[in-house]
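Report on one structure; see the data block that follows.
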Amino acid sequence: MKTFSATPADIEKKWIIIDAEGVVLGRLASIVAMRLRGKHKPSFTPNMDMGDNVIVINAEKIQMTGKKRDEKFYWHTGHPGGIKSRTKQEILEGDHPERVVFQAVKRMLPGNRLSRKQMTNLRIYAGTEHGHEAQSPEVLDVKSMNKKNTRS
């Protein structure tokens with residue numbers, strides 16, 4: 001039996017839409033990162049861009065556990081001398097609340113050229129409006145995937 005290795009002709013990309021309202025940030029980021037890499041597919045090949053195109057809506061309504069909204073800081077702009085601290089709450093209330101989700105997903109992917117290519121398949125919107133109706137995205141219910149098994 002030979003090991004299957006996917007080629008660009010074997011790859012089928014879907015469009016998936018995820019509603020982030022009420023979902024914990026880390027759980028959302030891990031699911032999105034898995035979908036972007038294509039690890040949910042049985043034909044996953046680590047050196048190919050096998051992932052789906054993911055649309056995340058309602059990024060401004062994500063949840064965080066504990067005191068992370070007030071005590072966790074993003075503190076660098078990426079430029080030399082660019083140290084500026086802002087809390088997650090300030091970013092979510094500011095002009096670009098989707099940056100919190102973007103950074104969480106980016107940090108869950110490996111730091112290489114392929115992951116930078118895979119991040120181009122991610123679209124994040126603060127509200128419910130998005131311009132991708134023409135691609136007819138499938139809805140992925142993340143809330144039901146993350147229900148904790150509570151004991152009675």
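Just so it is clear, none of the values below were taken in a lab; they were calculated from the coordinates. Small disclaimer: the values here were computed from a predicted structure and weren't measured. Heads up, the Cβs are rebuilt from the backbone with ideal geometry, glycines too, and the neighbour counts pull from every protein chain shown.
Using only Cα atoms, find the angle between the long axis of helix 25-37 and the longest principal axis of the chain, and express it within 0 to 90 degrees, rounded to the nearest 10.
The angle comes out near 30 degrees.
Skipping prolines and chain starts, which residues have an amide H placed within reach, meaning under 5 Å, of the one on VAL56, given they are 5 or more residues away or on another chain?
ILE18, ARG123, ILE124, TYR125
When a footprinting reagent is the concern and you count Cβ atoms within 10 Å, what order do SER144, SER5, SER30 take, fewest first?
Neighbour counts put them in this order, fewest first: SER144, SER5, SER30.
Between beta-carbons, use under 15 Å as the cut-off and find the net charge around THR7, counting Lys and Arg +1, Asp and Glu -1. If you can, show how the numbers build up before the last one.
On the way: positive: LYS2, LYS13, LYS41; negative: ASP10, GLU12, ASP49.
Result for the neighbourhood of THR7: 0.
Simple spin-label model, 7 Å along Cα-to-Cβ: GLU133 to ILE83 in nm?
4.9 nm
Which of LYS72, LYS84, LYS117 moves the most in a Gaussian network model of the chain with Cα springs under 10 Å?
Comparing LYS72, LYS84, LYS117 in the GNM, the peak value goes to LYS84.
Just list whichever of LYS14/LYS72; LYS41/LYS68; LYS68/LYS106 have alpha carbons separated by over 28 Å in the model shown.
Over 28 Å Cα-Cα: LYS14/LYS72; LYS41/LYS68.
Which of MET48, MET145 has the fewest other C-beta atoms within 10 Å, and how do the rest follow up to the most?
Numbers: MET48 17, MET145 10.
Result, fewest neighbours first: MET145, MET48.
Apply the Karplus curve 6.51 cos²θ - 1.76 cosθ + 1.60, θ = phi - 60°, to the phi angles in the range 19-24 and return the couplings in whole Hz, x for Gly and Pro.
Per residue, the Karplus-derived 3J(HN,Hα) values read 8, 8, 5, x, 9, 5 Hz.
Name the residue, out of PRO46, PRO137, PRO80, whose mean-square fluctuation peaks in a Gaussian network model built on the chain with Cα pairs under 10 Å.
So, out of PRO46, PRO137, PRO80, the one fluctuating most is PRO80.
At 7 Å along the Cα-to-beta-carbon direction for both GLN103 and GLU21, put a label point, then send me their distance in nm to one decimal.
2.6 nm
If you project the alpha carbons of the chain onto the principal axes, what extent comes out on each, in Å, largest first?
Rounded to whole Å, the extents work out to 54, 51, 37 Å.
Which residue, ASN53, ASN112, ASN121, has the most motion in a Gaussian network model of the chain that connects Cα atoms within less than 10 Å?
ASN112
If you plug each phi of the range 132-137 into the Karplus form 6.51 cos²θ - 1.76 cosθ + 1.60 with θ = phi - 60°, what whole-Hz ³J(HN,Hα) values come out, in order, with x for Gly and Pro?
10, 5, 5, 7, 6, x
Could you tally the net charge around TYR74, taking each other residue with its Cβ under 10 Å from the Cβ of TYR74, Lys/Arg +1 and Asp/Glu -1? Please report the intermediate quantities before stating the final value.
On the way: positive: LYS72, LYS84, ARG86, LYS88, ARG99; negative: GLU90.
Net charge in that neighbourhood comes out at +4.
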